[in-house]
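Some notes on the structure that comes next.
Since every read-out is calculated from the coordinates, none of them should be taken as a lab result. Remember, it's a predicted structure, so these values are computed and weren't measured experimentally. Cβ coordinates were reconstructed from backbone atoms using ideal geometry, including for glycine residues, and neighbour counts include every protein chain displayed.
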Amino acid sequence: MAWATVVLHGDLNDFPLPHRRGAVAHRRGAVVHRRFIGRPAVKDLLEALGIPHPEIAAITVNGAPAGFDHRLDDGARVEVWPAAEAL
């Protein structure tokens, strides 16, 4: 089984994550470690965490800009910024 680290910024921290007990406070946002099977798309991982994709303005994977269709590899670091901050 593979895993990803997800960092949620801004208002995205307000969503009630199913695994909130596993979330760690971080100066930039909540850090969630999520296990997965195969190579899911970023969109699938974020929606599994309860983050609706219309609420998202920007995503990076391992520091590089990424789209919702980006396939995740084991050990990926996903950072997500809210649409509300893009206005």
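Using 7 Å Cα-to-Cβ label points, what is the Thr60/Arg35 separation (nm, one decimal)?
It is 2.9 nm.
Pull out the extension gain between Ala83 and Met1, defined as 0.36 nm times the separation in residues minus the alpha carbon to alpha carbon distance; nm, one decimal.
Working: separation 82, 0.36 × 82 = 29.52 nm, distance 3.11 nm.
Extra length available between Ala83 and Met1 comes to 26.4 nm.
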